[in-house]
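A short reminder: the numbers here are calculations on the coordinates, not readings from a lab. Fair warning: this is a prediction, and the values are worked out from it, not measured in the lab. As a convention, Cβ positions derive from the backbone with ideal geometry for all residues, glycine included, and neighbour counts pool all protein chains shown.
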Amino acid sequence: MSVLLFIAGGAATGLLFGTLAAKGRRAANGSSDGELEPKPSRDPVREVVSERDAEALPPGVVPPKPLGVPFAAGVDRPVWPLRTGHPRRGVVSYRGVDGKVRGSWARRLAAPRGGKNGKPRRNHAGIDLFAHPGDAVLAVADGVVTAVQSFHLGSWAVFVDHGQVVVMYGEVDRRSWSRLGVAVGSSVKAGQPIAEVACMARDENGACTSHMLHVETYAPGTTQNHRWYAGKDAPPALRDPSLLLLLAAQETSMPAVA
Ligand SMILES: [Zn+2]
């Protein structure tokens, strides 16, 4: 049994950071959409990170701030889930324990979604990684493909059971897994291409304007996505992928170019 490290954020500290960050954000981009950060969990703001995972982050990488969602953990030496030539490859968008957001504010877990055209307000249930359409999506570890489902704007999602965690590789091209010889029930190896990044929108000239890999992580056994509605506790099966992706980004095996 490994020793566990408790990161105690402290509700008051979290609220302070959240308030300061929100003020800074409004000042920076003039946003007037009035969208708010999700409320901190009613549970004590205390999350468990395995000591091994926390220690694996090199000095200088600020650990993610707990958001009331358990961290996806227990994947040994995860592989970065993309082979891409995107200039921002390897960027993990997240809020650190110091309250500052790294990467893109809108791409992080818990960023506001919905709230327009009568749609309910939600919290982003995953992290969006920079990628080009058609880029290969790679399994972060050995595992078994357990489900596929339709997802956002005509894209699809592939679920892989990696043992301690299920990863949902979202916003991938429909049936791209089939072209790669992958199906529900397939065993896959770490780093194996399992799908391709979808194009979800195009401009009037046909250029793709919406493309990324959307990564959600879940408790073992999960075979469909769960939405996280604003002001509500996160779905119990949801996991925070920040730490897993930060660890994957450290791996020298990250493919550099498509
Ligand atoms: Zn997303």
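Quick look at the values:
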quantity: Glu216, Glu251, Glu196 arranged by Cβ crowding within 10 Å, fewest neighbours leading; calculated: Glu251, Glu196, Glu216
quantity: Packing-based exposure ordering (other Cβ within 10 Å, fewest first) of Tyr229, Tyr218, Tyr169; calculated: Tyr229, Tyr218, Tyr169
quantity: Residue exposure sequence - Cys199, Cys208 - by fewest surrounding Cβ within 10 Å; calculated: Cys208, Cys199
quantity: Among the listed pairs Lys116/Lys232; Lys65/Lys100; Lys65/Lys116, those beyond 20 Å (Cα-Cα); calculated: Lys65/Lys116
quantity: Backbone HN-Hα couplings from phi across segment 93-108 [Karplus 6.51/-1.76/1.60, Hz, Gly and Pro as x]; calculated: 8, 6, 9, x, 4, 7, x, 8, 8, 9, x, 10, 4, 7, 8, 7
quantity: Extended-chain gain in nm, criterion 0.36 nm per residue less alpha-carbon gap, Val61 and Glu251; calculated: 67.1 nm
